[in-house]
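Colleague: I am attaching a structure below and will ask some questions about it afterwards.
No value in this document is a laboratory result; all are computed from the given coordinates. All figures in this text were calculated on a predicted structure; none of them were measured in a lab. Ideal geometry is used to build each Cβ from the backbone, glycine not excepted, and the neighbour counts take in all protein chains shown.
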């Protein structure tokens, strides 16, 4: 698997208050995208939302700051003019586990006849940006036969607990073609904090940790906890084969012990197929 670094076509729509759009070539396997940014006033905080769109459907959604913070959680250096948009799962113990979720374009699934035929990256640029400039380089390898393979679907949701105590969430995606198993889930409160996270699946507790215990275990593993981010990570020890199955799950509850009222951004990472 020889990897190559290739400059991507120039984007359209780069400007303050606009949406920059990169249209990526089809026919190779994408492991990561390197988004280089500069300008008179243009930083990660001016990337209000980044979307990776495959065959017309969003598979990644996050802000520039959120993407960079999760990269630092994974052990990457902070972005300084270039932001990594990853498709591989970083710092796992085996190469097959890391690259399982690389974006395999142009390969036809022999059972369904479906393949990835279009990949677009959109960046919503804040109106306060001044003279933004963007370019992109892709880390690629040869496409594999057999179809798109496993896709890492990264979603974004918002909730608003009204006070201290337990706050339960039971309506996040589960058990469909794009959420067959959970790779990790991230809770980002804007104020106050989350002191404990419990996950119940079909009435049974499958995860229960205080914030302090969770961060200790992740630090002992391969991750670097980030301030304000509470992450349940199935790959925290470097093993890619231990996702939380979401198939045949009729009840999935996330119970958050809140220290006070907050607006919470939730970033989900689920393993699944290309989707319908």
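Colleague: For region 135-276, what value does the Rg/Rh ratio take when both radii are computed over Cα atoms and Rh is the Kirkwood radius, given to two decimals?
Modeller: With Rh from the inverse mean 1/r over Cα pairs, Rg/Rh is 1.00.
Colleague: Here's another thing I want to ask about it. Return, for the Cα atoms of region 1-88, the radius of gyration and Dmax in Å, separated by a comma.
Modeller: Looking at region 1-88, its Cα Rg and Dmax stand at 13.3, 40 Å.
Colleague: At what distance in nm do the modelled label points of residue 3 and residue 168 sit from each other, each positioned 7 Å from its Cα along Cα→Cβ?
Modeller: Result: 4.3 nm between the two label points.
Colleague: Mean separation of Cα pairs under 8 Å and 6+ residues apart, divided by the residue count of region 137-276: what relative contact order is that in percent?
Modeller: Averaging sequence separation for qualifying contacts and normalising by length gives 48 percent for region 137-276.
Colleague: Under a crude label model (7 Å from the Cα following the beta-carbon direction), how far is residue 261 from residue 160 in nanometres?
Modeller: With each label placed 7 Å out from Cα toward Cβ, I get 0.9 nm.
Colleague: Calculated from DSSP H runs of 4 or more alone, at -39500 (n - 2.57) each and per residue, what is the 222 nm mean residue ellipticity of the chain, nearest 500?
Modeller: The helix-only estimate for the chain comes to -2500 deg cm²/dmol at 222 nm.
Colleague: Separate question: Can you tell me how much longer the chain between residue 18 and residue 40 gets when fully stretched, taken as 0.36 nm per residue apart minus their C-alpha distance, in nm with one decimal?
Modeller: 6.3 nm
Colleague: Moving on to the next point. Once Rh is set to the Kirkwood radius over Cα pairs, what Stokes-Einstein translational diffusion coefficient, in µm²/s, holds for region 4-149 at a temperature of 25 °C and a viscosity of 0.890 mPa s?
Modeller: Reported coefficient: 156 µm²/s.
Colleague: Just to be sure I understand: if I project the alpha-carbon convex hull of the chain onto a plane and average over all orientations, what area do I get in nm²?
Modeller: 14.4
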